[in-house]
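Enquirer: Below you will find the structure I want to go over with you.
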Amino acid sequence: MLDVFRKTFRRPFQWRDFIEQSWFIASVSILPSALVAIPFGAVVALQTGSLIKQLGAESFTGATSVLATVQQAAPVVTALIIAGAAGSAVAADLGSRTIREEIDALEVLGVDPIQKLVVPRVLGMTLVALLLNGLVSVVGIAGGYFFNVLLQGGTPGAYLASFSALAQLPDLWIGEIKAAIFGLLAGVIAAYKGLHPKGGPKGVGEAVNQSVVITFLVLFFVNLVLTLVYLQIIPAKGT
């Protein structure tokens, strides 16, 4: 990660690779993210709506489901899709290049493989994670609204009014910050495992599996830390 930070600002920046990798990552992540966001938002809306109804606070169903989607569900779903779809592809690509000794050939030619191959992929995953988080949030909120209004008998006005009453701008920022950090971590882990496979082609497959599993574990832990810090720094609206 330190190498990525340091070599991001070293000239020349690989703009063509960055654009190509961003487009590839987006192409393999947009549809799965949207399809996962619909049931995810629906589950959050149904569960929170049922619990809120038991407590007699149906008017706050919209705020509860939307805040849960924006702060937690959308960044996590984005991270899982990015790590599973894009991260595995990055690890497999770099791993195959490593066992074919392309990385060694680049170093012999005086080309830095981190600057040439890793930086565009990591930055691409970070950018796409930011954009996908917005898409997942919108689709998840729309799914939650649909299921709450049609299946649980909620009213559109109460759903939107409670959200505007309890939500605040930092709730959106923390979701975007989480998505960017998750995309960065997924890219760094996938690139590292791809550049260090062991045992030939079999090692590439193992590196891909390890990158996905390690990324999932790290993302859930980082999500816990960021949530705790956010709740300590930014008080809830109205408190």
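The values are calculated or read from the model by the stated rules, or taken from the named source; none is laboratory data. None of the values given here were measured: they were computed from a predicted structure. As a convention, Cβ positions derive from the backbone with ideal geometry for all residues, glycine included, and neighbour counts pool all protein chains shown. Note: accessible area is taken over every heavy atom of the protein model, side chains too, but ligands, DNA and RNA are not part of it. Shrake-Rupley method; radii C 1.70, N 1.55, O 1.52, S 1.80 Å.
Enquirer: Would you work out the relative contact order for the chain, in percent, from Cα pairs under 8 angstrom that are 6 or more residues apart?
Expert: Working: 336 pairs, mean separation 78.3, N = 239.
Dividing the mean separation by the residue count of the chain yields 33 percent.
Enquirer: For residue 119, what charge total do you get from the other residues with a beta carbon under 11 Å from its beta carbon, if Lys and Arg give +1 and Asp and Glu give -1?
Expert: Working: positive: 6, 7, 10, 116, 121; negative: 3, 17, 112.
Net of charged neighbours comes to +2.
Enquirer: While we're here: Between rounded, prolate and oblate, where does segment 109-213 land on the alpha carbon gyration tensor, with a ≥ b ≥ c its root eigenvalues, rounded for a/c under 1.5, else prolate if a/b exceeds b/c? Could the numbers behind the result be given before it?
Expert: On the way: a/c = 4.47, a/b = 2.46, b/c = 1.82.
It is prolate, given that a/c is not under 1.5 and a/b is the larger ratio.
Enquirer: What does the charge add up to near residue 194, with Lys and Arg as +1, Asp and Glu as -1, over the other residues with Cβ less than 10 Å from its Cβ? Spell out each step's value before the answer.
Expert: On the way: positive: 97, 121, 193; negative: 93.
So the surrounding residues net to +2.
Enquirer: What is the local net charge at residue 130, summed over the other residues whose Cβ is closer than 12 Å to its Cβ (Lys, Arg +1; Asp, Glu -1)?
Expert: Here the charged neighbours net out to 0.
Enquirer: When only DSSP loop residues count, what trypsin sites (Lys or Arg not before Pro) in segment 66-156 have their Cβ near at most 16 other Cβ atoms within 10 Å?
Expert: Details: sites: 97, 100, 116, 121; in loops: 100.
Here the trypsin sites (Lys or Arg not before Pro) that fit, given the DSSP loop and packing criteria, are 100.
Enquirer: Hey, if you drop one equal point scatterer on each alpha-carbon of the chain and run the Debye formula without solvent, what base-10 log of I(q)/I(0) do you get at q = 0.16 Å⁻¹?
Expert: -1.05
Enquirer: Still on this structure, please answer the following. Helix by helix through the chain, keep the DSSP H runs that span 15 Å or more along the axis on Cα and average at least -0.5 on Kyte-Doolittle, and give those back in order.
Expert: Flagged H segments are 15-55, 88-99, 119-151, 156-166, 169-195, 201-233.
Enquirer: Next question, about the same structure. Would you check the chain for Lys pairs whose C-alpha atoms are within less than 26 Å, ignoring same-chain pairs closer than 8 in sequence, and give me the count?
Expert: Total qualifying Lys-Lys pairs in the chain comes to 11.
Enquirer: What is the extension gain from residue 217 to residue 111, computed as 0.36 nm multiplied by their sequence separation minus the C-alpha to C-alpha distance, in nm to one decimal? Numbers along the way, then the final one.
Expert: Details: separation 106, 0.36 × 106 = 38.16 nm, distance 3.29 nm.
Fully extending the segment from residue 217 to residue 111 adds 34.9 nm.
Enquirer: Report, to the nearest whole %, how much of the accessible area of the chain belongs to carbon and sulfur atoms, 1.4 Å probe, protein only.
Expert: Of all accessible area on the chain, carbon and sulfur atoms account for 72 percent.
Enquirer: Run the helix sum for the chain: -39,500 (n - 2.57) per DSSP H stretch of 4+ residues, divided by residue count, reported at 222 nm to the nearest 500 deg cm²/dmol.
Expert: On the way: 10 runs with 187 residues, N = 239.
After summing the helix terms and dividing by residue count, I get -26500 deg cm²/dmol.
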